[in-house]
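Scroll down for the structure; my scribbles are underneath it.
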Amino acid sequence: MEERTQLDKTLKPHWVWAIALGSAIGWGSFVLPADWMAKPGPIGAAIGFGIGGLLMIVIAVSYGFLIRHFPVSGGEFAYAYLGFGRTHAYICGWFLVLGYMSIVALNASAMALLFKFTIPKVAMKGQMYSIAGWDVYFTEVLIATIALCVFAWLNIRGASFSGRLQFIFCVILVLGVAALGLGMFTHPDSSFSHLQPVFNPEIPAMSAILTIVAIAPFAFVGFDNVPQSAEEFDFPAKKAFSLIVWALIFATLIYVTNILFTAVGMPWQELVAKQSIWGTGDIVAGAFGNVGLIVLAIAICMGIFTGLNGFYVSASRLLFAMARAKILPDVFGKLHSTYRTPYAGIIFTMVICLAAPWFGRQVLLWIVDMASIGVAVAYFYTCFAAYKFFKWSGDESVMEGAVSPGKKFCSLLGVISSLSFVLLLAVPGSPAFMGVPSWIALIIWLAIGVVFYMVYGKSYKQIPKKKLDYYILGEHSHLADGFNHQGPTGTDEKIAP
């Protein structure tokens, strides 16, 4: 059997925690609080993020169990294969590649946007054209391009190098949020009376809160970067669940803190009515001048850096795992001769994402929707696969921890939640229904996926199951017995325990 290429075990626990947290907190947590509170009000928005965080922890129960027993690159791609076979694995993987690449592009575009907000004289040079009412400048495209190239290079340099940087960025991020929150909550001009009315009186509270819950897959995406790097853990995989939970708790607190410290600066309805491009920036600058704005800009930079770094890791590892399973070109499965990183996936991600800055700020909204539906599909597959693994009762002769009524119920809730996320984005008339540009971009991406499958699908289907188990799961392939797979002819096989 062909030798299976494996990644080196170099990642420390605190680096993995930083990958999860830093990927979940991006530019939006500092730029969008005023937009988020427009419909539900500040308390409604905070409740929405609280519910979203809890739902993500419920979903994380499934991730924790599967990472523990299958610590391999590919994450959801491997879990969908275990639960539903090779075709579903490809569908899940391709949707997730979309989600990861979308967020790399999102963070690069946000870097340019930050310069446009804070140093407009630098960023707004060389106007080229307008898209959806947003002027595109050559310098902002250049800024985003440089960010994409620099972080691609940093990731090629090695997982330990990027992991160490991620932790440093995360510490600065958390300290920045703490300083901003403490400063705004204790500022003499701030008042908790500015939070009144706590809900928007013009919109039903539950409906408004659901608009925030609907973006939870996008807001908290990043904790699922942990399974993508599981093959590189330099510690027991059973620690992954606690690292994910702590990352989600910190992420929820940061989202809620940013919303509330923005809202206490002035009456929130007045802030929303101003329709400022950057409400949080206006509030902080008004309270602390340029010093506050600098602290806020540093925190945003850390959020962008951690997002770029974390999702480069995940996108490249997912492409690596899919290539190792022979469903994508072999080049994605090759490792750098010096740094032992899947360099082709990193470069491919960079090249695809270089297109995003040319579309201006409007592309950010399209990317949010695409990323949300991509990761929601992956959540669905993961939770459903875990549901099939968990047992209400019986013995644990096949897999330790599989008998757990509580976890099986959590995985079922995860299935329902992730399916609800998809429906909120895809069903016309729902409060979070995707716009036409997002649908066009999604259809184009799916068409590319169909082309890849037409080219590689036939040979992929003909790989014997035992061999494909080994390619995807490595030394853990024996645990695949007892679950449905797609056989060499594409038909379901049932392997007796």
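Computed from backbone phi with θ = phi - 60° and the Karplus coefficients 6.51, -1.76 and 1.60, the 3J(HN,Hα) list for region 317-328 is 5, 5, 4, 4, 5, 5, 5, 5, 8, 6, 9, 10 Hz; x is used for glycine and proline.
Share of carbon and sulfur in the accessible area of the chain stands at 69%, probe radius 1.4 Å. Applying 1/(1 + (r/R0)^6) with R0 = 41 Å to the Cβ-Cβ distance of T186 and M206 gives a FRET efficiency near 0.80. Simple rule: put +1 on each Lys or Arg Cβ and -1 on each Asp or Glu Cβ in the chain, find the dipole, and look at S314, P357, I215; the Cα lying farthest toward the positive end is S314.
Counting only heavy atoms of protein chains, what accessible area per residue, in Å², does the chain have with a probe of 1.4 Å?
On the way: 18570 Å² over 497 residues.
Per residue, the chain has 37 Å² of solvent-accessible surface.
Computed over Cα pairs, the Kirkwood radius of region 23-69 leads via Stokes-Einstein (0.692 mPa s, 37 °C) to a diffusion coefficient of 266 µm² per second. Calculated on the Cα set of region 101-157, radius of gyration then Dmax: 12.0, 39 Å.
State, as an integer percentage, the relative contact order of the chain based on alpha-carbon contacts under 8 Å between residues 6 or more apart.
On the way: 902 pairs, mean separation 153.2, N = 497.
Computed value for the chain: 31 percent relative contact order.
Once the Cα atoms are used to define both axes, helix 41-69 deviates from the longest principal axis of the chain by about 20 degrees.
When the chain is described by a simple charge dipole with +1 on each Lys and Arg Cβ and -1 on each Asp and Glu Cβ, the residue from G406, G52, A386 located farthest towards its positive end is A386.
Shape of region 154-228 from its Cα gyration tensor (a ≥ b ≥ c, root eigenvalues): rounded if a/c is under 1.5, otherwise prolate when a/b > b/c, or oblate? Kindly include the intermediate steps, with their values, before the conclusion.
On the way: a/c = 5.60, a/b = 1.55, b/c = 3.61.
Note, shape of region 154-228 comes out oblate.
Please say if region 98-254 is rounded, prolate or oblate, where rounded means a/c under 1.5 for a ≥ b ≥ c the square roots of the C-alpha gyration tensor eigenvalues, and otherwise the choice is prolate for a/b larger than b/c and oblate otherwise? Oblate shape, in that a/c is at least 1.5 and b/c is the bigger or equal ratio. According to the Cα-based calculation, Rg over Rh for the chain is 0.97, with Rh computed by the Kirkwood formula. Kirkwood's formula applied to the C-alpha pairs of region 201-245 gives a hydrodynamic radius of 13.0 angstrom. Once backbone amide H atoms are built at 1.01 Å from N, A38 has no partners under 5 Å, excluding neighbours fewer than 5 places away on the same chain. Compared with the dominant principal axis of the Cα atoms in the chain, helix 436-462 is inclined by about 20°. Remark: spin-label model distance W246-I277 equals 4.0 nm, labels positioned 7 Å along the Cα→Cβ axis. Helix 86-118 axis versus longest C-alpha principal axis of the chain: approximately 20°, rounded to the nearest ten. 3J(HN,Hα) couplings calculated from phi for region 8-16 with the Karplus curve 6.51 cos²θ - 1.76 cosθ + 1.60 (θ = phi - 60°) are, in sequence order, 6, 8, 10, 8, 8, x, 5, 5, 5 Hz; Gly and Pro show x.
Using 0.36 nm per residue, how much length does the chain from K121 to D234 gain when fully extended, once their Cα-Cα distance is taken away?
Extra length from K121 to D234 when fully extended: 36.1 nm.
Put simply, the amide H of L328, placed in the peptide plane, has neighbours under 5 Å in A323, leaving out anything fewer than 5 places away on its chain.
Around the amide H of I131, modelled in the peptide plane, lie the amide H atoms of V136, all under 5 Å away and 5 or more residues distant in sequence or on another chain.
Taking each residue as 0.36 nm, the span from W134 to K388 lengthens on full extension beyond its C-alpha to C-alpha distance by 86.7 nm. Label sites at V427 and F452, each approximated as a point 7 angstrom past Cα along Cα to Cβ, lie 3.0 nm apart.
The values are calculated or read from the model by the stated rules, or taken from the named source; none is laboratory data. All values derive from a computational prediction rather than experimental measurement. Quick reminder, even Gly has a Cβ in these numbers, built from the backbone with ideal geometry, and neighbours come from all protein chains shown. All accessible areas refer to the heavy atoms of the entire protein, side chains included, with ligands and DNA or RNA removed. Shrake-Rupley method; radii C 1.70, N 1.55, O 1.52, S 1.80 Å.
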